[in-house]
Amino acid sequence: MAYLRKATEDMGSRMFEVETPERHVQLWMFRSVEYLKGLGIIEVSLSDKIIPYLFELQSNFTSYGLASALRLTSKYAKRIYPICSQWKDLGETKKHDIQDFKRMLGLLDDKGIDKMPRTSDFRKSVLDIAVKQINEHTELHISYELEKRGKTFKNITFKVKPQALADNIPFDLVATAQDVPGVQQSHLDNAARILDELRITDAKHRQTILASAAHVAEVNRYNHDLKTGKVKASRNPGGLLLVRLGLVAAKVVKPA
């Protein structure tokens, strides 16, 4: 409970910024958050204007948006994550002027006072930590490039690509998949992404796996075990998954 209270406090107190061709929008997430004591229930009332951006009704955020963001502990990771989410389909963010970007992160005030003027500090204390957390805890894998003009770094760009989550989202903030009863859409999407990463392309296998709630759960569990080192499968992790699902037989190595 303490973790969630801290997470919602951090999320609710900060601003999301969304850019469209027509406007620049500043948004705050929550209207209210209520914790029902002893029941393990949280009732969240979201700002009406932020809902489309969180749940991909306007193609800016993935359906993981809120749950992924709640896992981030760095306040800068929490601010960089939604910026990168908006560009996930293009693979790269727009080129941000570093001073403007620092202003978005709260590092540069209206008087031009920079809280982190040294680029080495900006990299180490802001960018590198944010990238590490986003890559470990969200469905995005990002990296950044700093562009120099003369002797000064002028612009920053983020490379963005989707990845399968190592862990399932721990609570139901997203829709249930319509075609697979009992499976959250986020878990189904994550399982499909894992199959892509493991190069499981056989249409029959994919259809069998993604039509079964048990198989979807096992795919996500296997991915977690693989990425946390509980499972070792350096040669053919996709083949091992198919064996675990009972879709192919394990190969028996005959003694010489």
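Write out the trypsin sites (Lys or Arg not before Pro) in the range 191-230 meeting two conditions: DSSP loop, and at most 16 other Cβ atoms within 10 Å of their Cβ.
Details: sites: 193, 199, 204, 206, 221, 227, 230; in loops: 199, 230.
Listed in order of number, the matching sites are 199, 230.
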Checklist entry - For the residue pair residue 212 and residue 95, what label-to-label distance in nm results when each label sits 7 Å from Cα along the Cα-to-beta-carbon direction? => result 5.1 nm
Checklist entry - Rounded to the nearest 10 Å², what accessible area does residue 121 show when all protein chains are kept and the probe is 1.4 Å? => result 60 Å²
Checklist entry - If 35, 222, 76 are ordered by their accessible area, calculated over protein heavy atoms with a 1.4 Å probe, which sequence runs from highest to lowest? => result 35, 76, 222
Checklist entry - Per the 1.4 Å probe, what fraction of the accessible area of the range 66-164, in percent, lies on carbon and sulfur atoms? => result 49 percent
Item to check | residue 116 - accessible surface, heavy atoms, 1.4 Å probe, Å² rounded to 10 | outcome: 30 Å²
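Which entries of 132/154; 94/115; 132/232; 78/232 show an alpha-carbon separation above 29 angstrom in the structure shown?
Working: 132/154 23 Å; 94/115 24 Å; 132/232 23 Å; 78/232 32 Å.
Violating the 29 Å limit, Cα to Cα: 78/232.
The values are calculated or read from the model by the stated rules, or taken from the named source; none is laboratory data. It should be emphasised that the depicted structure is a prediction, and the values quoted were computed from it without experimental measurement. Note that each Cβ is placed from the backbone with ideal geometry, even for glycine, and that neighbours are counted across all protein chains shown. SASA here: full protein model, heavy atoms, side chains in, ligands and nucleic acids out. Shrake-Rupley method; radii C 1.70, N 1.55, O 1.52, S 1.80 Å.
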